[in-house]
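Here's the structure we're looking at; comments come further down.
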Amino acid sequence: MTRTPLISGNWKMNLNHFEAIQTVQKLHYVIPKGAMDDVEVSIHPPFTDIRSIQTLIESEDLDFSLGAQHCHFEDTGAFTGEVSPAFLAKLNTRYVICGHSERREVFGETDEMVNAKVKAILKYEMTPIMCCGETLQEREAGETESKVLGQIEAGLAGVSNEQIASLVIAYEPIWAIGTGKTATADDAQTVCAAIRAKVRSMAGDETAESVRIQYGGSVKGGNAPELMSQPDIDGALVGGASLDPDEFASIIQFGR
Ligand code: 13P
């Protein structure tokens, strides 16, 4: 089973829609021809940029998938400030991040909410990128796997094997996000292998072999080749480095 790596740029709350257009145009320009033949790239701008980036991607036929950083789990209703997965689907959004540690820690998202979002995103035929990861304290207490595998079990509860096979899981150790500290490739591989084994125990071999598992946390051009060469790491969820087209392009070309 070959899994096409997915490299995703999570811009977080950075770049207005003008800056977003320039950044995507520059990214397209700096990626050498052929560098994206064996890799998929998704871009996750802030909500206010999504329509502009959709138009750019579609009008210039760019080889990027449109992504969102978050959504609500209801279709419509009295949820001031929230965005419906139905609205994202209407903009041809392909990937939606859910359960990012910043949403869990800063905005109080629970495992149950993440599970509801996974189902809502799938309902609109988009692909969830479901995040999991441990804090530094949890890692030091030897609780990495219990925390991460608990998030996987709760996040995927009631999701069919076929749906699980199609989705993306992002392992992002919280202590490595935006800190310049990266898990060693061996450590990242160990946790990603444990995630795949968990999926195997929940949904069988075929599902476990299909699901893509990204690593995220201070991924840069310099560390991408080693991380991406691990057998259970199928791509990267990139924050800071995805704002710089040259750096993001070097991650996209990992190992080439
Ligand atoms: P950094 O790459 O800035 O560490 O962010 C990782 C992340 O949170 C991506 O979702």
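Below is a table of values for the structure above.
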{"read-out": "Region 110-162, accessible surface, carbon-and-sulfur percent (1.4 angstrom probe)", "value": "48 percent"}
{"read-out": "Cα gyration tensor category, rounded, prolate or oblate, for region 1-83 with a/c compared to 1.5", "value": "oblate"}
{"read-out": "Cα pair distances in region 1-150, grouped into 5 Å bins until the bin that holds the longest one, percent each", "value": "2, 9, 17, 19, 18, 15, 11, 7, 3, 0, 0"}
{"read-out": "Region 1-44 - charge dipole about Cα centre, Lys and Arg +1 at Cβ, Asp and Glu -1, debye rounded to 20", "value": "80 debye"}
{"read-out": "Accessible surface of region 193-256 [probe 1.4 Å, protein heavy atoms]: carbon and sulfur percent", "value": "47 percent"}
{"read-out": "Protein accessible area in region 6-69, 1.4 Å probe - carbon and sulfur %", "value": "51 percent"}
{"read-out": "Charge dipole magnitude, Cβ of K and R +1, D and E -1 - region 143-256, Cα centre, debye nearest 20", "value": "100 debye"}
{"read-out": "Within the chain: Cβ-based charge dipole about Cα centre, in debye rounded to nearest 20 (Lys, Arg +1; Asp, Glu -1)", "value": "240 debye"}
{"read-out": "Calculated FRET value between Glu209 and Ala78, using beta carbons and R₀ = 35 Å, to 0.05", "value": "0.25"}
{"read-out": "Shape category assigned to region 33-72 from the gyration tensor of Cα positions, a/c cut at 1.5", "value": "oblate"}
{"read-out": "Accessible surface, per residue, of region 141-244 when the full set of protein chains is kept, probe 1.4 Å, Å²", "value": "37 Å²"}
{"read-out": "Percent of alpha-carbon pairs separated by more than 35 Å within the chain", "value": "8 percent"}
{"read-out": "Estimated FRET transfer efficiency when R0 is 45 angstrom, pair Gln25-Ser229 (beta carbons, to 0.05)", "value": "0.90"}
{"read-out": "FRET efficiency estimate (nearest 0.05) - Cβ-Cβ, Gln54 to Lys123, R0 25 angstrom", "value": "0.80"}
{"read-out": "Radius of gyration and maximum dimension Dmax of region 131-256, Cα, Å", "value": "14.3, 41"}
{"read-out": "Accessible surface, region 1-107, averaged per residue in Å² (probe 1.4 Å)", "value": "53 Å²"}
{"read-out": "Compactness relative to 2.2 N^0.38 Å, alpha carbon Rg of region 127-198", "value": "1.12"}
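The values are calculated or read from the model by the stated rules, or taken from the named source; none is laboratory data. This is a predicted model, so every value here is computed, not measured. Because the Cβ atoms are built from the backbone with ideal geometry, glycine has one as well, and the counts that use them run over all protein chains shown. Side chains are part of the model used for accessible areas, which takes the heavy atoms of the whole protein and leaves out ligands, DNA and RNA. Shrake-Rupley method; radii C 1.70, N 1.55, O 1.52, S 1.80 Å.
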